[in-house]
Amino acid sequence: MLSQANHAWPTPSDMPPDGNYLVTTTWRDVLDAAVTVGRDIAPWIAAVPQLARREILARRYPLSAYLIRRQAIVPHQDGVGREVVPSAVYTHGTENSTRSAFGYHVGMTMAEWACRGLMGLGPTTHAESAIPPGALSRWKHSKSLPDLFGTHSSTSDLWLVEAKGGRVLGSHSRRKGARQLDVGSLVPGAHQKVLCGTSLQQRLFMMIDIEADGSAAENTVPPEQADDDVLEHDDDALVELARARMLTYLALVSLPPGSLRVTAVSDSLNDRLSRRSGGLVHLLGGDDATSALRRELDSEATSSDIVQQEGVDMLAARLPGTDLMIGMSRRLFGACHELAEAEATMVAEIEDAPIMRVPDPAVPGDVSEQRYEKHLAERHERVRGYRDRRRNDFRQAARRGFTAGETSPWERFIEITPELTSPAEDGFLEAATRDTYLAVEREALDLDTGIS
C-alpha cells in the first residue's frame, strides 16, 4: 500500500475519494497541530501561566526526540525527497511504555493535522472537555468515546474523530477505534465519523477511514471565506478558536513584557491560505506580500504603521528553553484575554465548592487512586456544566475582546509598546494564519539521515 501512495491529495479542505496519497507537510504544520490538540487544560493553569510554556515544550519535544527526516528516492518525482521515520532511539532504545505514550501523542497530533489541514475541520475539542453540539446528556457518562470533535469550517457538519497511533497499527486497534466512534443514539443528528490511524512502522504514515452518519449538510460557506468571515459573525466559532489557542495566549502573558515584540504579516494571507493545497499554516518564507510589507517598514515602525500598510501586527515572543517563537493577532489576543478572565471566574467559583477539594494521593491515607480519579471527574463535570449554563457569557466575553483587539492598540492589553522584529533575519522559519504565528529555528530541523 505504501508503494502505491504516489498521488497528491486532490481536494483541499474536503474529503477525497478513496485512494493512496503521498502528502507533503512541514514541521511547522505538525508543531501547530501538536500545540492545539488535546484536553482543555487552560482553566487549571491560568493562575500559573508559566505552565503553558512547559506544556508547549512537552508537546513539541517528543516529536523531535522520536521522529527524524530521511532522504529517500521518490521515483514518480524523478528525484530525492524526504520521508519521516522513527528514530533509532524510538525503534531500538526506549521502553515499551514510552513508545506507547508517544504513540498516543503522535496519533493525536497527526489526526489534528489531517482533519484540520487536509480536510478543513475547524478547531477540535477533546471529548472529555465538552459535549458535542446536538449530543444527548448521556455523552458525559459514556466510558468509550471518540477522542475529538469539531465543526467543519465550510459545511458546518459535526465531525467525531478517533485517533490511534503506535509502532504498528494493527486491525485490533482500528476495530477498537471504530467501536469508539459508534456512539449510536448519543448523537442523533447527522455527523461524520473519522478514524485516523498513525503508524510508525518503517516510516510515518496514516490510514484514514471516513463514514457519514446521516445526510451531510450542503456547503454553506465558501472555502475562501471560512477562516476569516466566520469569526466576524459566529460567536461559537470564535470561542472555539480562542480556547484552541489559549496555551499560546497564556504563554505570551507569562513572559516578561520586555521580551514581547510585533512582527508584520500580510493581511491578505487568509485569502491565499484558504486556497492552499493542504496545510494548517502558510509558510512566510515564500510569501511575497509579507516580504513586500516588511520592506516598507523601517526599524522604528509601529503597529499602526503595519496596519496602515495592510498588514497584521502579530505579537510574538520566543519561548525560553525552546526553539520556538509563538504569537497571535491583536483581535485573537483580545478574545483570549476576555475569555481567560471569564474562565478564571468560573474556576474560582468551582474551587470554592467544598466537594471540589481534590485530595492529594501522595498523602498517606488521604485517598485511594480510584477516589482521586472520581474527584477529578467531578471537577471536569462542574466545568462542563458551568460552561453550558453560561454559554452566552463566554460568547459575549470572546466577542468583546475580539472587537477591542480590532480597534485598540497593544497597550490596551500589555504594559509596553512592543518593538518591531523580523524573526527570519535571526534564522527562524516562519509560518502564520490570519490570527496565529509560529516560527522555529532553522538549525533545529537538521535531522536528516542518508538516502535509503
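Read-outs throughout are calculated quantities, based only on the coordinates presented, and are distinct from any laboratory measurement. Only a predicted model underlies this, so the values are computations on that prediction, with no experimental measurement involved. Positions of Cβ are generated from backbone atoms using ideal geometry, with glycine treated the same way; all protein chains shown enter the neighbour counts.
Assuming R0 = 25 Å, what is the FRET efficiency of ASP288 and GLU425, from their Cβ-Cβ distance, to the nearest 0.05?
My answer for the efficiency is 0.90.
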Mean 1/r over distinct Cα pairs of the chain, inverted to a Kirkwood Rh in Å, yields 23.1
Do the sum for the chain: with -39,500 (n - 2.57) for every DSSP H run of n ≥ 4, divided by all residues, what is the mean residue ellipticity at 222 nm, to the nearest 500 deg cm²/dmol?
-11000 deg cm²/dmol
Listed peptides 91-97, 388-394 by packing density, highest first (mean Cβ within 10 Å)
388-394, 91-97
Do any trypsin sites (Lys or Arg not before Pro) in segment 37-138 lie in a DSSP loop with no more than 15 other beta carbon atoms within 10 Å, and if so, which?
ARG39
Could you state the number of Å between the C-alpha centres of segment 1-75 and segment 128-195?
19
Determine how many Å³ per residue the convex hull of the Cα atoms of segment 244-448 encloses.
185
Ratio Rg/Rh [Cα only; Rh per Kirkwood] for segment 2-223:
0.97
